[in-house]
Amino acid sequence: MMRRVANLAVFLIAILLCYGMQTTKPHYADLTGPIPAYGAISNTVHTRTFDIGVDKVVFARTLKFDQFGKQKLLTTGGVWAIVTANLAATKDSAMVAAATWRGPDGLSYRASERASLATGGLPMALDPGVPAKTRMVFEILPSQADEAMLLVSGKLFAPLDSEARIALGPVALQADGMPEGTVETYELGKTF
Amino acid sequence: MSIATQGTRNERTVTEQRWWLRSLLALIVLIPAALAVMSYDSVKTLLGNQDFFAQDVAWKSKARFGGSEWQLTDLRAALGRSDIPPDLVPILVDFTVTVGEPDLQKLWLGCRIMLIDAADRHWLPTGAVSFRQADDAKTCVSAMFSGAKSGDTLKVRETFLVPKDATATIRPAVSVGSERPSFLLFQRPQD
């Protein structure tokens, strides 16, 4: 009798264990996703193929840049976030291709293609010992400026490859709801 | 009756033990074999993308690689460009290639010409600087699509941007899909 009860108990425990494993199983996309390399705005983050250090973050209502000899003005219903960063290849020539702005609510914004023709945007080819600078432009909601995370990787989809995740820190909001220090117009010049 | 049953049980046990051992031995062989079969394609792809084994080529020597004869003809710095920071040096690398097997699009697939320094840093051709090219100079990729026939001679030139500290030790290297994981590592010009 006791043996039967024990067998039943083992059987039930096995079922519970299997159910628990099934429900807590990580998704395949998480298992094969990018490998994060964390850092803050003040330090250099080392990934497998490149190093990145964020230089500054500027918020603007309007962007101005030259495109095919004509001046272009880009407005937005949100706010432009312009991130300038220093890049360096670690050991081999490498590409840096994708950047994402992740807000405090988890909203993710890919680098804007509206400003992709301005100088310094991604993708960018890096060579070892040759310093490079990039300027990534995001079109975001003002509420997503505070405690945001910048995600930068070598490829658009980087399974099982490292991805820089840089905490951009606190940003206070002005009375009009815009991030503090938002400039009226930011010019995406040839040099930066 | 009781003795007969005991005997059968013992016989079964011995047989079972034998099969248990056989199964164990089979698992020892089969598990690594299954892993090898399952990972064969992945390992093949990995090796097909990597440059692991360097074949040294002496200065002025030719080496047969990817069905053609490769010879390094020049490695020089292009100084005097005002648009390039003083601590960076554009490097021009010239090869003369005598085409053997003409199916270059297959044999040279994923063609990579690189510079490798003493610290094992690798540089790929740059798009940041460009120079006026002689009409007959081709890049590795444009040479693949040039329609060259067996016996033709191609001039292959690539441009690199390297820091000044690397110029003393850089060596040109060539890697093509049909030869990976081996690659050619050329000795620097001696004169």
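The values are calculated or read from the model by the stated rules, or taken from the named source; none is laboratory data. Quick caveat, the model's predicted, so the values are computed rather than measured. Using ideal geometry, Cβ is built from the backbone for each residue, glycine included, and neighbour counts are taken over all protein chains shown. Accessible surface areas use protein heavy atoms only, side chains included; no ligands, DNA or RNA. Shrake-Rupley method; radii C 1.70, N 1.55, O 1.52, S 1.80 Å.
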Regarding B:S150, is this residue open to solvent by less than 60 Å² (accessible area, probe 1.4 Å) and over 22 Å from B:L79 (Cα atoms)? no
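Each row is one residue, and each column tells you yes or no for (1) out of contact with any strand residue (DSSP E or B) (no Cβ under 7 Å at 6 or more places or on another chain); (2) surrounded by fewer than 20 Cβ atoms within 10 Å (Cβ to Cβ); (3) in a strand (DSSP E or B).
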residue	(1), (2), (3)
A:Y38	no, yes, yes
A:I52	no, no, yes
A:V57	no, no, yes
A:K72	no, yes, yes
A:G77	yes, yes, no
A:T84	no, yes, yes
A:W101	no, no, yes
A:A115	no, no, no
A:A125	no, yes, yes
Please determine, by comparing only the residues of the range B:129-169 that are in contact with a Pro (Cβ under 9 Å, 6 or more places away or on another chain) and within 19 Å of A:A88 (Cβ to Cβ), which one is nearest to the other protein chains (Cβ to nearest Cβ). B:P163
Could you tell me which of the residues A:A148, A:A125, A:A132 is under 17 Å from A:V45 (Cα atoms), within 14 Å of chain B (Cβ to nearest Cβ) and hydrophobic (A, V, I, L, M, F, W, C)? A:A132
Taking the range A:77-133 and keeping residues more than 14 Å from A:G154 (Cα to Cα) and acidic (D, E) leaves A:D105, A:E113
Output yes when any residue across the range A:24-32 is surrounded by 15 or more Cβ atoms within 10 Å (Cβ to Cβ), at pLDDT below 95 and within 18 Å of the chain's Cα centre (by Cα), and no when none is. no
Flagged in the range B:156-191 as surrounded by fewer than 17 Cβ atoms within 10 Å (Cβ to Cβ) and assigned to a strand (DSSP E or B), in numbering order, are B:S182
Quick check on my filter: what residues within the range A:165-192 are more than 23 Å from the chain's Cα centre (by Cα) and either of a type in the set (D, E) or in a strand (DSSP E or B) (or both)? A:D176, A:E184, A:T185
So which residues in the range B:82-128 are open to solvent by 70 Å² or more (accessible area, probe 1.4 Å) and either away from chain A (no Cβ under 14 Å) or part of a helix (DSSP H, G or I) (or both), if there are any at all? B:S82, B:E101, B:P102, B:D103, B:Q105, B:K106, B:L109
